[in-house]
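The values are calculated or read from the model by the stated rules, or taken from the named source; none is laboratory data. Being a predicted model, the structure only gives us computed values, none of them experimental. Please note: Cβ atoms are built from the backbone with ideal geometry, for glycine as well, and neighbour counts cover all protein chains shown.
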Amino acid sequence: MSEFHGHGIREKTEEYEARTLSPVAVLSSKSRGRLVEEEPCPVRTVFQRDRDRIIHSKAFRRLKDKTQVFLAPEADHYRTRLTHTLEVCQIARTIARGLRLNEDLTEAIALGHDLGHTPFGHAGEEVLDRIHPGGFAHNLQSLRVVDVLEDGGLNLTWEVRDGIKCHPWRETPSTEEGRCVQLADRIAYVNHDIDDAIRGGVLKPEDLPSDAVGILGKTHGKRINTLVTAVIGESLEKGRLSLSGDVLEALTVLRQFLFDRVYIDSPAKKEEDKAKGVVEALYHYYCRHPEMIGGSYAAIAGVDVRACDYVSGMTDRFAIAQYRLAFVPSTWGLDPS
Ligand code: MG
């Protein structure tokens, strides 16, 4: 068989982007590039390649057992950090395609944005931020995962790294694709957290603020559709990613409602103090016993940073198992079953 030279497939995709994408989209041929230069792929653009690297990473697979809101859920239908990520990705791609932004760049940012999330959701993040001398923020950790921790670094493009780092609301991503993921993240979590809270009996549909429901719609699907089409419509009008007016206001009202009724104070949160205790105990344990830190977190940083990297990378399940190993005496003398 003769060697495959790509038949100009990547170049054709790059030309297609230049012909068809919006003037505010990032063309893959115009990327600011990687930390370390590489031979281009004959088939995939730089952003398609970044997306694939993220999907094939171990940190991506661990998202399946990391909490979204409900801790280590046993029932089948609750979101995890992985299904959250996929919902963000799908909403972001729909908006990106509607606005003729670079869908591959959007997809790569969305799939990578939460890679640095701790076990037990924001409870874990809060603890590490309090006790780790360098502080902790999941977006910066997501960047650290792709730059350093995953197989010594995935060497992603500047645009994907910028979008991952700047996805929280308080930041300003440098690209329209990054802004698209930022907005899609909020649209996704506000809606699926409502859905999970209803599923968990924490909320009833009739508890939701009626004005917001009147604007966005009565069902999960209708609300997402209203938000996505409002973003596309307004952004086309303004020539940049935008959501304002009563639709944004309704989203903000629902988010605040979630904070008051679900995130801060609800039966679903009652295990959270225990989860925080697990993360705190593990962090101090690995600071004292760096020899117990898993192999791929070898001596690339100070002991406290390695402990923070290791614990923050754990799934809920793995953290509980490690806590048991470190702190709960194992039983003796049971007959093997
Ligand atoms: Mg997210």
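Here are a few things to note about the model shown:
- The range 21-34, residues that are over 24 Å from the mean Cα position of the chain (by Cα) and under 11 Å from GLU103 (Cβ atoms): LEU21
- Here GLN48 passes the criteria (1) free of Cβ contacts under 8 Å to residues at least 24 places away in the same chain; (2) in contact with an Asp or Glu (Cβ under 6 Å, 6 or more places away or on another chain) except the one numbered (1).
- For the range 111-150, filtering for residues that are of a type in the set (Asp, Glu), away from the ligand (no atom under 15 Å from the Cβ) and in contact (Cβ under 8 Å) with a residue 24 or more places away in the chain leaves 3.
- Filter result for GLY221 (modelled with pLDDT of 95 or more and exposed (fewer than 15 other Cβ atoms within 10 Å of the Cβ)): yes
- Just one of (1) under 20 Å from VAL146 (Cα atoms); (2) surrounded by 18 or more Cβ atoms within 10 Å (Cβ to Cβ) fails for VAL69. It is (1).
- LYS204 being out of contact with any helix residue (DSSP H, G or I) (no Cβ under 6 Å at 6 or more places or on another chain), surrounded by 12 or more Cβ atoms within 10 Å (Cβ to Cβ) and either within 21 Å of ARG130 (Cβ to Cβ) or at pLDDT below 95 (or both): no
- Scan of the range 188-201 for residues that are buried (at least 20 other Cβ atoms within 10 Å of the Cβ) and more than 16 Å from the ligand (Cβ to nearest atom), ordered by number: ALA197
- Within the range 31-86, being within 16 Å of the ligand (Cβ to nearest atom) and among the β-branched types (Val, Ile, Thr) holds for ILE54, THR67, VAL69, THR80, THR83, THR85.
- Residue in the range 92-103 that is within 16 Å of the ligand (Cβ to nearest atom), over 18 Å from ARG186 (Cβ atoms) and either aliphatic (A, V, I, L, M) or touching a strand residue (DSSP E or B) at 6+ places or on another chain (Cβ under 9 Å) (or both) present: no
- Enumerated helices (runs of 4 or more DSSP H) restricted to the range 145-221, each holding at least 2 residues that are under 20 Å from the mean Cα position of the chain (by Cα): 158-165, 176-199
- GLU171 fulfils the conditions (1) more than 15 Å from the ligand (Cβ to nearest atom); (2) surrounded by fewer than 18 Cβ atoms within 10 Å (Cβ to Cβ) except for a single criterion, (1).
- Take the conditions (1) of a type in the set (A, V, I, L, M, F, W, C); (2) within 23 Å of LYS58 (Cβ to Cβ); (3) touching a helix residue (DSSP H, G or I) at 6+ places or on another chain (Cβ under 8 Å); (4) surrounded by fewer than 24 Cβ atoms within 10 Å (Cβ to Cβ); VAL148 misses just one of them, which is (3).
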